[in-house]
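K.L.:
Before anything else, here's the structure in question.
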Amino acid sequence: MMRTLDEALGAVLDSFTPLEPETVGLDAALGRILAEPFVARRDQPAFDNSAMDGWALRATGADETRVVAPGESAAGGPRPAPLASGTALRIFTGAPLPPGADTVVLQEDAVLERDAVLDGDRVRFTEAPTPGQHVRRRASEFTAGDELLPAGAVIHAGTVALLASQGVRELLVGRRPRVAVVPTGDELRAPGSDAPEGSLYDSNGPMLAAAITAAGGEPVRHRAVGDDRSALAAAFARALEDADLLLTTGGVSVGDHDHVKEALADAGVPLDLWKVAMKPGKPLAFGRSPEGKAVLGLPGNPVSAFVTFQLFGRPAIRRLLGDPRPALPRIHARLTAPLAHRPGRTELARVRVERTTDAWVAHPHAQQGSGALLAMAQANALAVVPAESSGVDGGAVVECLLFGDLPGEPYARHLDT
């Protein structure tokens, strides 16, 4: 039975639920996903404070001079005493506002003068102070008890700053899934070893380990296994012992040397062998062990394995992490060259997406064959060509699934602004 790409994606992703959460230190939380909402522990700002270096006072709208109060208010210093009427206190950025003050005048808008009568100093302002200027009021950003981050939020550097400012040392996040990788095939050799004619270096193992890490999982690599049913069954059983998800490559078609389905059955994993109406990556296997551990059987062709991982493996890992948006991000971009296509299967063409001065554009790689590793290395997105399409003209706008970094906008544009 041939499944559409959407049918296959729905069937696989709907079967995954987040793993049990774990507590990690804030320093180890980058890229992790919050397992519960984060609620503010204290007001932000926690107290009225100055946004600038200058002078703290109560604005009256009249006098433009004040007697200089003794002392100062500095960030981290002792809390200042209440401000006497008609006085101004030297204050610095981030320092608490003294009781009785409601305004800060910039130091560059003030002139310090000696008052012989008072035998002290006065400060004169070049403009009449406006009440509330340059003051950060307590709780003006948020209040203790406000929900700041929802469950499912991805922790990035800005999130770390927010959490640290609330005194957080540890937080509850989705556990990183352990993802075992077992490449299969008599032809595979480990990189760095001798590779006689007719053999191939195993690129799927290193590629999937890197892709799993990028998706937020913890890769567990196993040596490539030849096309022997009993050896495959033993390798799969070992891999499943301490994994949340098993990825295999190769042996999922219907050739005489394709034993993955039978070997997984021997290891206790009933497997559905699917044909998915997509190119590359038509064969795809999926099943679960009696303990509920998932297995994805990817094609052995490196490009097909890469594409099917991005469409099925990565979202599965993100769902296990607790990401409410597990699929690849999508944008629309204008093709810079045509894409040929024969109707029947959805095609995922390798493209390089970048930003011009006014639009996103997608540059299709000249080599779109399932063995074109250079195209895979140089691409950062997959352009979706619908199954019913007879080809897409250059200049047409297509949907692109992003799996790599986007280059920034042209530098000259920033120089002009």
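Derivation of every value follows stated rules applied to the coordinates shown; laboratory data play no part. Everything quoted here is computed from the prediction, not taken from an experiment. No Cβ is skipped: glycine too gets one built from the backbone with ideal geometry, and neighbour counts run over all protein chains shown.
K.L.:
Can you list the aspartates and glutamates whose alpha carbon sits under 19 Å from that of residue 279, skipping same-chain ones fewer than 8 residues off?
P.N.:
Straight-distance partners of residue 279: 6, 7, 347, 388, 393, 399.
K.L.:
Normalised by the number of residues in segment 330-415, what is the relative contact order in percent for Cα pairs under 8 Å and 6+ residues apart?
P.N.:
Answer for segment 330-415 is 42 percent.
K.L.:
Let me have the 222 nm mean residue ellipticity of the chain computed from DSSP H runs of 4+ only, each contributing -39500 (n - 2.57), with the sum over all residues rounded to the nearest 500.
P.N.:
Helix-only estimate at 222 nm: -5000 deg cm²/dmol.
K.L.:
Can you tell which of 74, 203, 406 lies farthest toward the positive end of the dipole of the chain, using +1 and -1 charges on the Cβ of basic and acidic side chains (Lys, Arg; Asp, Glu)?
P.N.:
Going by the charge dipole, the pick is 203.
K.L.:
By how many nm would the segment from residue 272 to residue 231 grow when fully extended, if each residue of separation counts as 0.36 nm and the alpha-carbon distance is taken off? Don't skip to the answer; put the middle values down first.
P.N.:
Values: separation 41, 0.36 × 41 = 14.76 nm, distance 2.07 nm.
Extra length available between residue 272 and residue 231 comes to 12.7 nm.
K.L.:
Applying 1/(1 + (r/R0)^6) with R0 = 41 Å to the Cβ-Cβ distance of residue 137 and residue 406, what FRET efficiency is obtained, to the nearest 0.05?
P.N.:
E(calc), rounded to 0.05, equals 0.60.
K.L.:
Once you charge only the Cβ atoms, +1 for Lys and Arg and -1 for Asp and Glu, what is the size of the charge dipole of segment 330-415 about its Cα centre, to the nearest 20 debye? Could the numbers behind the result be given before it?
P.N.:
Values: 8 positive and 8 negative charges, 23 e Å.
Computed about the Cα centre, the dipole is about 120 debye.
K.L.:
Lys/Arg Cβ at +1, Asp/Glu Cβ at -1, dipole of segment 330-415 taken about the Cα centre: which of 333, 365, 353 is farthest positive-ward?
P.N.:
Of the listed residues, the answer is 365.
K.L.:
What label, among (1) 1.19; (2) 0.95; (3) 1.01, belongs to Rg/Rh (Cα atoms, Kirkwood Rh) computed from the structure on display?
P.N.:
(1)
K.L.:
Moving to a separate point now. Can you tell me the orientation of helix 204-215 relative to the chain, as the angle in degrees between its alpha-carbon axis and the longest Cα principal axis, to the nearest 10?
P.N.:
So the helix axis and the longest Cα principal axis differ by about 30 degrees.
K.L.:
Between residue 396 and residue 108, what is the label-point separation in nm under the 7 Å Cα-to-beta-carbon projection?
P.N.:
Rounded to a tenth, the inter-label distance reads 5.7 nm.
K.L.:
Now a separate question. Please go through segment 99-186 and write out the GluC sites (Glu not before Pro) that DSSP classes as loop and that have at most 14 other C-beta atoms within 10 Å.
P.N.:
Qualifying residues, ordered by number: 127, 141.
K.L.:
Same structure again: Any idea what the dipole of segment 40-89 comes to, in debye rounded to 20, about its Cα centre with Lys/Arg Cβ at +1 and Asp/Glu Cβ at -1?
P.N.:
Dipole magnitude for segment 40-89 comes out near 260 debye.
K.L.:
Okay, next question. Would you please give the residues with an amide H less than 5 Å from that of residue 353, counting only those at least 5 places away or on a separate chain, with H modeled from the backbone geometry?
P.N.:
Residues meeting the amide H criterion: 363, 380, 381.
K.L.:
Quick one: work out the % antiparallel among DSSP beta bridges in segment 330-415, nearest 5.
P.N.:
Values: 20 of 22 bridges.
Of those bridges, close to 90 percent are antiparallel.
K.L.:
Using a simple spin-label model with points 7 Å from Cα along the Cα→Cβ vector, what separation in nm is obtained for residue 41 and residue 373?
P.N.:
Placing both labels 7 Å beyond Cα along the Cβ direction yields 5.0 nm.
K.L.:
At a threshold of 8 angstrom on Cα-Cα distance, excluding pairs fewer than six apart, so keeping six or more, what relative contact order does the chain reach in percent?
P.N.:
For the chain, the relative contact order is 15 percent.
K.L.:
So in segment 193-318, what percent of DSSP beta bridges are antiparallel if you round to the nearest 5?
P.N.:
65 percent
K.L.:
Full extension from residue 265 to residue 214: what is 0.36 nm times the residue separation minus their Cα-Cα distance, to one decimal in nm?
P.N.:
15.3 nm
K.L.:
Angle check, please: helix 229-241 long axis (alpha carbons) against the longest principal axis of the chain (alpha carbons), in degrees 0 to 90, nearest 10.
P.N.:
That works out to roughly 20 degrees.
K.L.:
Once you charge only the Cβ atoms, +1 for Lys and Arg and -1 for Asp and Glu, what is the size of the charge dipole of the chain about its Cα centre, to the nearest 20 debye?
P.N.:
The calculation lands at about 440 debye.
K.L.:
When DSSP assigns beta bridges and you keep just the ones with both residues in the chain, what percent turn out antiparallel, to the nearest 5?
P.N.:
Numbers: 58 of 85 bridges.
Of all bridge pairs located within the chain, approximately 70 percent are antiparallel.
K.L.:
In whole percent, what relative contact order does segment 49-136 give with Cα contacts below 8 Å and a gap of six or more residues?
P.N.:
Details: 223 pairs, mean separation 35.3, N = 88.
So the answer I get is 40 percent.
K.L.:
Another one. Mind checking the full-extension length gain between residue 164 and residue 357? Use 0.36 nm per residue of separation minus the Cα-Cα distance, one decimal, nm. Each step should come with its number before you reach the end.
P.N.:
Working: separation 193, 0.36 × 193 = 69.48 nm, distance 3.76 nm.
So the chain would gain 65.7 nm between residue 164 and residue 357.
K.L.:
What does a probe at residue 144 reach in segment 69-103, counting residues whose amide N is under 14 Å from the point 7 Å along Cα→Cβ?
P.N.:
none
K.L.:
Turning to a different aspect of this structure: Taking the Cβ-Cβ separation of residue 128 and residue 51 as r and a Förster radius of 22 Å, what is the calculated FRET efficiency to the nearest 0.05?
P.N.:
0.70
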